[in-house]
Amino acid sequence: MMDWTDRHCRVFHRLLTRRARLYTEMLTTGAIIHGDRKRLLNFDASEHPVALQLGGSEARDLATSAKIGEDFGYDEINLNVGCPSDRVTVGRFGACLMAEPELVAAGVVAMKRAVNIPVTVKCRIGIDDQDPEVALDALARGVVAAGADALIVHARKAWLNGLSPKENRDVPPLDYHRVYRLKAALPDVPIIINGGIRSLAEAGAHLAHVDGVMLGRAAYREPWRLLSADPELFGEAARHAAMTDVFAAMTPYIERELAQGTRLHSIARHFVGAFHGVPGARAFRRYLAEHGVKADAGIAVLRDAIALVDDSRPAAMAA
């Protein structure tokens, strides 16, 4: 979710659900240690609970970055061992580390020593020619022995040789049952499943086999789905009945950001799928695309776009 789940996106998603845990886009240890930490790591207090996702392999740098994240107030540190980006192999982070479970475990040990918040690992079921039965078991048992508090498993292989990062999100076949078997083998370890899950109904079905479900593209592209996450998955009242209510609640945040120099497009780009299936959704998107990108675009642009939508029923009920 690099370049997607930034702080503006997370504030938006938090207004859709009180309970779901939010994750940052993956940030490399080098960027955190040597870059503009305030710009990279600052987040709004409303985002809690929120996890910082790291990319890296050097134990000392992971420990340093994890501690920095804890000091910024994050609720969890997540080590990404599943990203198939072209940069990961060169930088020795992400999915290529599936081939080095001992190195990943050493990073977990270092981070656990450095922080008092949970440390988790996100991985694939394997890479390239690895046997998922062997590779996932080796990675999982190694990081659990090292102290990892949970494992998030994208139920696909990553083909680092032969497929592009985009193709790696869809082409390798999903194997949810491999993740189920991992949970059965490690009953005391929280296992969260990820990959190709398109709805809360599908998430609920997975929860019969694992401890949690991570939604990525479905939550980003169709955020209206999250409106019913709290009642459907947590048995609690929805935070807002309709997407227009969410935007009303987010207006003070947007106005504050605009006053500090943030451009409207930087925030509104995350709203493209907000009204999926609702009359006027296309006009909403078109209006934002035309007017929201202008340098002087203000909150009135968003209000005018919303006025084009008939949101008289909850967006989550739209088909």
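The values are calculated or read from the model by the stated rules, or taken from the named source; none is laboratory data. In this text, all values refer to a predicted model and were calculated from it rather than measured experimentally. Note that each Cβ is placed from the backbone with ideal geometry, even for glycine, and that neighbours are counted across all protein chains shown. When the accessible area is computed, the model is the full protein with side chains, heavy atoms only, and any ligands, DNA or RNA have been set aside. Shrake-Rupley method; radii C 1.70, N 1.55, O 1.52, S 1.80 Å.
The figures follow:
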| quantity | calculated |
| --- | --- |
| From LEU54, LEU16, residue being part of a loop (DSSP other than H, G, I, E, B), open to solvent by less than 40 Å² (accessible area, probe 1.4 Å) and within 30 Å of LEU200 (Cβ to Cβ) | LEU16 |
| Residue match in the stretch 209-222 (condition: open to solvent by 40 Å² or more (accessible area, probe 1.4 Å), farther than 30 Å from ALA300 by Cβ, touching a Leu at 6+ places or on another chain (Cβ under 7 Å) and touching a residue at least 60 places away in the same chain (Cβ under 8 Å)) | no |
| Residues of the stretch 223-261 satisfying the condition of being of a type in the set (Ser, Thr, Tyr) and surrounded by 14 or more Cβ atoms within 10 Å (Cβ to Cβ) | SER228, THR244, TYR253 |
| Matching residues in the stretch 28-37 - criterion: being surrounded by fewer than 21 Cβ atoms within 10 Å (Cβ to Cβ) and either hydrophobic (A, V, I, L, M, F, W, C) or in contact with a helix residue (DSSP H, G or I) (Cβ under 9 Å, 6 or more places away or on another chain) (or both) | GLY30, ALA31, ILE33, ARG37 |
| Boolean, ARG178 is of a type in the set (D, E, K, R) and modelled with pLDDT under 95 | no |
| Number of the condition not met by GLY147 [criteria: (1) closer than 19 Å to GLU102 by Cα; (2) in contact with an Asp or Glu (Cβ under 9 Å, 6 or more places away or on another chain); (3) not acidic (Asp, Glu)] | (2) |
| Filtered residues of the stretch 273-301 (kept if closer than 19 Å to PRO223 by Cβ, in a loop (DSSP other than H, G, I, E, B) and free of Cβ contacts under 8 Å to residues at least 40 places away in the same chain) | PRO279, GLY280, GLY292 |
| Selected residue (criterion: farthest from PHE234 (Cα to Cα)) from residues of the stretch 167-191 that are β-branched (Val, Ile, Thr) and either in contact with a helix residue (DSSP H, G or I) (Cβ under 9 Å, 6 or more places away or on another chain) or surrounded by 20 or more Cβ atoms within 10 Å (Cβ to Cβ) (or both) | VAL179 |
| Some residue of the stretch 180-194 being part of a helix (DSSP H, G or I) and among the polar types (S, T, N, Q) | no |
| Criterion (of a type in the set (Gly, Ala, Ser), in contact with a helix residue (DSSP H, G or I) (Cβ under 7 Å, 6 or more places away or on another chain) and open to solvent by 10 Å² or more (accessible area, probe 1.4 Å)) met by exactly one of ALA59, ALA66 | ALA59 |
| Qualifying position, being at pLDDT below 95 and open to solvent by less than 10 Å² (accessible area, probe 1.4 Å), among PHE271, PHE275 | PHE275 |
| In the stretch 204-224, the residues that are under 15 Å from the mean Cα position of the chain (by Cα) and not hydroxyl-bearing (Ser, Thr, Tyr) | GLY212, VAL213, MET214, LEU215, GLY216, ARG217, ALA218, ALA219, ARG221, GLU222, PRO223 |
| Output for the stretch 106-122, where each listed residue is surrounded by fewer than 20 Cβ atoms within 10 Å (Cβ to Cβ) and farther than 14 Å from ASP149 by Cα | ALA106 |
| Selection count, the stretch 292-308, where residues are surrounded by fewer than 19 Cβ atoms within 10 Å (Cβ to Cβ) and farther than 16 Å from ALA259 by Cα | 5 |
| Neighbours by Cβ (under 8 Å, 6+ apart or cross-chain): first from the stretch 123-149, surrounded by fewer than 24 Cβ atoms within 10 Å (Cβ to Cβ); second of a type in the set (S, T, N, Q) | ASP128/ASN161; ASP149/THR120 |
| Residue match in the stretch 198-217 (condition: more than 25 Å from GLU76 (Cα to Cα), assigned to a loop (DSSP other than H, G, I, E, B) and in contact with a strand residue (DSSP E or B) (Cβ under 6 Å, 6 or more places away or on another chain)) | no |
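The rows are residues; the columns are (1) acidic (Asp, Glu); (2) over 19 Å from ALA110 (Cα atoms).
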position	(1), (2)
HIS8	no, yes
LEU16	no, yes
THR24	no, yes
ASP36	yes, yes
SER46	no, yes
PRO49	no, yes
ALA59	no, no
LEU62	no, no
